[in-house]
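Remarks on the structure that follows.
Throughout, read-outs are computed from the coordinates displayed, never taken from laboratory work. Keep in mind that this is a model prediction, so the values were computed, not measured. Positions of Cβ are backbone-derived with ideal geometry, glycine not excepted, and every protein chain shown enters the neighbour counts.
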Amino acid sequence: MVLKEKRENVLLLTLNRPEKLNALTGALLDELHQALKEAQEDPGIRALLLTGAGRAFSAGQDLGEFGEGKPDYEAHLRRYNRVVEAMAGLEKPLVVAVNGPAAGAGLSLALWGDLRLASQEATFTTAFARIGLVPDSGMSFLLPRMVGLAKAQELLLLSPRLSAQEAMALGLVHRVVPGERLMEEALALAQELSQGPTRAYALTKKLLLETYRLSLTEALALEAILQGEAGRTQDHEEGVRAFREKRTPRFSGR
Ligand code: T3D
């Protein structure tokens, strides 16, 4: 259900239920969580790329999974939440290639990417309210921070289906490319990031998440602590040396 393929220092993860538009089941979420955990622990992986197989990125929760009746979503969400924690806490850059529709929790997974590319065919919808649910998998946290409160209200209450261009105008994705070039461009980006200063990237990601809930004084203090850590990496030393020698740095991720 989740394909894993290592390409040099990049781990390519593909949500693989194309016949169900990569709708998310408990088993798929568990596989995704396991893959993220392994990637986090593997020093040979320095960037990840997540995409969907077939014509969709992901239709969100598989609405057929629970059959009839009232599902215990509160319990089920623990499986989503540990995936989201793993994505948010991933100490390596994550590129997401949105190859088609991204809906509900499928959209949430896409938004947890650090850099998000979309094909011209991709569409985006929060979908939750259409089936009488609240935003989950971190969307209530992330969406207003990405697009502002007013736009988040509109996207969550009305669930419009946005085109890739509309999503880019809102900042939900960084770049839109023709479908046939999506994977090539996303992989090139992931490969570029996999040769970058991995520790500085991890600390930057941490700062961007943490500073939302901090005062300016606390944010400045955290920047100083994390800069201290970045300043002690071999990659910082190499970056400064390369600058002085007027050459491209060769970062090792240490
Ligand atoms: O704890 C918890 O589990 C709660 C967590 C909830 C998190 C969530 O994600 S809630 C939101 C769930 N997702 C949705 O409500 C999205 C529903 N789907 C759509 O809005 C659209 O299908 C899409 C925008 C994803 C794609 O539209 P389109 O026009 O490209 O395809 P389609 O014709 O609507 O769908 C094609 C087939 O996929 C269709 O089946 P059929 O008629 O060919 O047999 C459709 O029923 C099926 N499908 C689409 N989404 C889902 C799905 N089947 C199961 N689960 C789905 N989410």
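Some points to look at:
- Extended-chain gain in nm, criterion 0.36 nm per residue less alpha-carbon gap, THR204 and ILE131: 22.6 nm
- Share antiparallel - DSSP beta bridges, the chain, percent rounded to 5: 30
- The label point for SER163 and the one for LEU214, both projected 7 Å from the Cα toward the Cβ, are 4.1 nm apart.
- For the chain, the longest principal axis of the alpha carbon atoms and the long axis of helix 216-231 meet at an angle near 60°.
- GNM on the chain, alpha-carbon springs under 10 angstrom: the most fluctuating residue among ARG130, ARG161, ARG17 is ARG130.
- For the chain, the longest principal axis of the alpha carbon atoms and the long axis of helix 26-41 meet at an angle near 0°.
- A simple packing score, the average count of other Cβ atoms within 10 Å per residue, orders the peptides 98-110, 42-54 as 98-110, 42-54, with the highest score first.
- Selection from LEU157, LEU189, GLY54, by position along the positive dipole direction of the chain (Cβ): LEU189
- Difference of contour (0.36 nm per residue) and Cα-Cα distance, ASP72 to VAL240: 55.1 nm
- GluC sites (Glu not before Pro) within the stretch 209-254: DSSP coil, no more than 14 neighbouring Cβ in 10 Å: GLU245
- For VAL177, VAL10, VAL96, order by how many other beta-carbon atoms lie within 10 Å, fewest first: VAL177, VAL10, VAL96
- Shape category assigned to the stretch 142-254 from the gyration tensor of Cα positions, a/c cut at 1.5: oblate
- Estimated purely from DSSP H runs of n ≥ 4, each contributing -39500 (n - 2.57), the mean residue ellipticity at 222 nm for the chain is -14500 deg cm²/dmol once divided by its residues.
- The label-point distance for GLU91 and GLN34, in a model that sets each label 7 Å from Cα toward Cβ, rounds to 2.4 nm.
- Between helix 182-194 and the chain there is an angle of about 40 degrees, using the helix long axis and the longest principal axis of the Cα atoms.
- Cα gyration tensor category, rounded, prolate or oblate, for the chain with a/c compared to 1.5: prolate
- Size of charge dipole - the chain - debye, nearest 20, with Cβ of Lys, Arg +1 and Asp, Glu -1, no other charges: 500
- Three-way shape call for the stretch 1-126 based on the alpha-carbon gyration tensor, with the a/c threshold at 1.5: oblate
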